[in-house]
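Taking it in order: structure first as structure tokens, then the write-up.
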């Protein structure tokens, strides 16, 4: 289940995000890391330092691409320039799969650069799934859609978020990047049981799992990726691994980024749960 | 609501400027009550109203795009001052919302917009326009395309003065009314120092910067914004060198480029051969010329 057609039949282990403050450490100390996740848009450029660094990383490490502005859920058409540049990058990195978010963020050619929540409607599911299919066909690699954290819900929604996710991935026949921190954040903001969500996703479609930290405010939680992972999120992760098996896991730490060692050590805590799954499977 | 209709309604609210105290406006686009506008499509919960839930996205949008512009134009911010820069940035973003999937292109229209809307360029408009142009050129040079550089053997069959040389796509050739290269380097250095400084020290630095910008005298300069080992550098050029390079960029042969530069120059003609030779040697060593396409195809 873990190595499946949605992650190119790979079982990559535990990865961290490739971030500029860690470049020097990675290139000089060459630490042992299972894999790195890159934000595609940072490298969809024509030349210069970012691509030079990426090429050096690719010589020694496995890299998986994660996007932030495909906007599968936007009602407007896909951006052809974006797709063209993305495909060039896919050829460069040889990423076994590509992920981006189940959200929208642009309309009438104007970009918010945010991950705006979808209305959970059948119309939205149909439009989103069609765009995922188109992207998969164009890129010729598996695509995994990630559930986002959200701070608003719509009157128009006809189903729960996890029902919507299921509807989209079945229609698109694509994978899932299950972000358990986002599930936690949304569950707190929208008063639902996070385990209902984790228990409802089609486990055979989970290509990858994200874990991360967040920031708690008085009336809501914000997905800030600037803290360690808290226990309730680890519990969701444990349940996700029990259902999906030993799955490629990525720690996101994007702001107030500490040392490479600190980030990597935080990510490696996932081993406790991954090893337990292996033991359970062996037994 | 149809999906497109809902997304348009939400985007209009999200991209509406914040109040001076960085909260969502009470009036929606169109003038109606924002509370009523938000409640049309956003559900409240037990802690937050529809307005408050929409406000989270409204504030995130503006914090994100303003931060991105501030990161890309620290020199312009120094010239205008923080308060005027913030107001200018908001006006710029209202007129020029992002039309690219990447924030990298957010400031692409800054100089042209300031030219058409000079009231936002501050007391010294020429200086503001200069620094905006340099900062955008810096961004373009940073991740612009590089082609294989010209090698000596590429010139083996070259037709001397009839040869056309292509310049690297990432190379920018610019003229300025102010020495904005020095200003930008100084601003960057101070920003680095300020990152580690106390508030008092930071304030003192800020006042020093304001005085430095105010004292900056006009001085016409020619600049190449280029890359060496993937780092961007500013290189001052003599007017003749600039003229040659600009002519080459416009597709002129070496002979025509040199001739047109000589015509405008006060340099004695006997100094030209050595000058041209040194110039071309330096620019070739810096990798500014591209290997001719025919030769690349063969190798």
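Taking Cα centroids, how far is region A:84-125 from region A:1-56 in Å? Between the Cα centres of region A:84-125 and region A:1-56 lies a distance of 19 Å.
Length available on full extension from residue A:230 to residue A:278: 0.36 nm per residue minus the Cα-Cα distance, which gives 15.0 nm. Of interest is the spacing of the C-alpha centroids, which for region A:175-230 and region B:59-109 amounts to 31 Å. Let me know the shape class of chain A, please: from the alpha-carbon gyration tensor, a ≥ b ≥ c as square roots of the eigenvalues, rounded when a/c is under 1.5, otherwise prolate if a/b is greater than b/c, or oblate. Rounded shape, in that the Cα axes give a/c under 1.5. Taken residue by residue and averaged, Cβ atoms of other chains lying within 10 Å of the Cβ of A:99-106 number 2.
Peptide packing for A:20-28, A:168-176, B:47-55 was compared via the average number of neighbouring C-beta atoms within 10 Å per residue; ordered from the highest value, the list is A:168-176, B:47-55, A:20-28. Shielding of peptide A:38-49 by partners, expressed as the average count of other chain Cβ atoms within 10 Å per residue Cβ, is 5. Subtracting the Cα-Cα distance of residue B:47 and residue B:200 from their residue separation scaled by 0.36 nm leaves 51.1 nm.
Each of A:132, A:201, A:145 has some number of other Cβ atoms within 10 Å of its Cβ, and from fewest to most they run A:201, A:132, A:145.
Under 15 Å from a point placed 7 Å out from the Cα of residue B:5 along the Cα-to-Cβ direction: which residues of region B:12-44 have their backbone N that close? Answer for this model: B:40-42. Measuring r between the beta carbons of residue B:220 and residue B:125 and using R0 = 22 Å, the FRET efficiency lands at 0.85. Helix content alone sets the calculated 222 nm mean residue ellipticity of chain A: runs of n ≥ 4 DSSP H residues at -39500 (n - 2.57) each, divided across all residues, give -12500 deg cm²/dmol. Remark: mean inter-chain Cβ contacts per residue of A:80-88 equal 1, using a 10 Å Cβ-Cβ cutoff to other protein chain atoms. Ordered by the number of other Cβ atoms lying within 10 Å of each residue's own Cβ, fewest first, A:156, B:130, B:143 fall into the sequence A:156, B:143, B:130.
The label point for residue B:82 and the one for residue A:170, both projected 7 Å from the Cα toward the Cβ, are 5.4 nm apart.
When chain B is treated as a Gaussian network with alpha carbon springs shorter than 10 Å, the biggest mean-square fluctuation among B:280, B:242, B:85 belongs to B:280. For the peptides B:3-10, A:269-276, the ranking by packing is B:3-10, A:269-276, with the highest mean count of neighbouring Cβ atoms within 10 Å listed first. Label-to-label distance for residue B:36 and residue A:46 is 5.0 nm, based on points extended 7 Å past Cα in the beta-carbon direction. Extension gain, residue B:250 to residue B:291: 0.36 nm times the residue separation minus the Cα-Cα distance gives 13.1 nm. Among A:221, A:209, the order by Cβ neighbours within 10 angstrom, fewest to most, reads A:221, A:209. Rounded, prolate or oblate for region B:1-64? Axes are the square roots of the Cα gyration tensor eigenvalues, ordered a ≥ b ≥ c, and the cut-off for rounded is a/c under 1.5. It is rounded, given that a/c, with a ≥ b ≥ c, falls under 1.5. Based on DSSP, what percent of beta bridges with both residues in chain A are antiparallel, to the nearest 5? Of those bridges, close to 15 percent are antiparallel.
Site pair residue A:123 and residue B:188 shows an inter-label distance of 4.9 nm when each label is modelled 7 Å from Cα along Cα→Cβ.
Every number in this text was worked out from the coordinates using simple rules, so none of it is lab data. Please read all numbers here as calculations on a predicted model, not as lab measurements. Neighbour counts are summed over all protein chains in view; Cβ atoms, including those assigned to glycine, are modelled from backbone coordinates with ideal geometry.
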